[in-house]
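The values are calculated or read from the model by the stated rules, or taken from the named source; none is laboratory data. In this text the structure is predicted, and so the values were computed from the model without any measurement. In this analysis, Cβ positions are derived from the backbone assuming ideal geometry, glycine residues included, and neighbour counts consider all displayed protein chains. We work out accessible area using only protein heavy atoms, side chains counted, and drop any ligands, DNA or RNA first. Shrake-Rupley method; radii C 1.70, N 1.55, O 1.52, S 1.80 Å.
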Amino acid sequence: MATVLLTGTNCSQQNNIKPAASYEDTIAEWDSYEDVAKWLKSNFSWDLSSQTKIHKGIRKYGYQDVWSVPGILQSPLETFNNRRGHCKDSANFANGVLEQIDPAYNPRFLFIWNEDGPPHHWVTAFTKDGKLYFMDFGAGPKWSAVNGVHGPYNSPEEYIEYLASLNVSGFRPTWGPEFDTYSRNLLIKLYSV
């Protein structure tokens, strides 16, 4: 028979392991988009089950309506806690946190149409010093070359051209026919601020 001895010493204190910081405490320490990018790069991973859930939702509710269905898109807090998700979960996290850090970033979603798709792709567009930047840490392993912070750009078209130049298998980014107006209007609004 084994004997277990319990003491008053907390194991995490004994091993000098710092307890995980809360979402609110972590975000409060950040002061630039670089902090958001660093966290996403080190902590977030694309998740096939999230993409599968979204594809089922799209079939059931349609592309435009699926995002208002509870449980489809994670909140920034859920993404912080889960540390995985779909590309739009990553973009939603970046949008929410950038808005908290400095509303002057004017973060917005950018939908990227994949001529080979679906899947298509979501990233975060934001401004800094009058230039456009794009944050993307939500691509899966096959598209990992697109992950990172990209910019500065003078126009959204330059970013799309950059993505196309990567020649990622199965990903031919463009302004799509259904989302052309939607994406362009978001970026025109973003860039004009």
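Computed quantities for the displayed model
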quantity	calculated
Shape call, the stretch 57-174: gyration tensor on alpha carbons, a/c limit 1.5	oblate
Residue-level accessible surface for Trp67, protein heavy atoms, 1.4 Å, Å²	40
Estimated dipole of the stretch 59-141 in Debye, rounded to 20 [Cβ of Lys and Arg +1, of Asp and Glu -1, Cα centre]	140
Net charge over other residues, Cβ less than 11 angstrom from the Cβ of Val66 (K, R count +1; D, E count -1)	+4
Charge context of Phe171, other residues only, Cβ under 13 angstrom, K/R +1, D/E -1	-1
Charge tally in the Cβ shell below 10 Å around Tyr33, where Lys, Arg are +1 and Asp, Glu are -1, Tyr33 excluded	-2
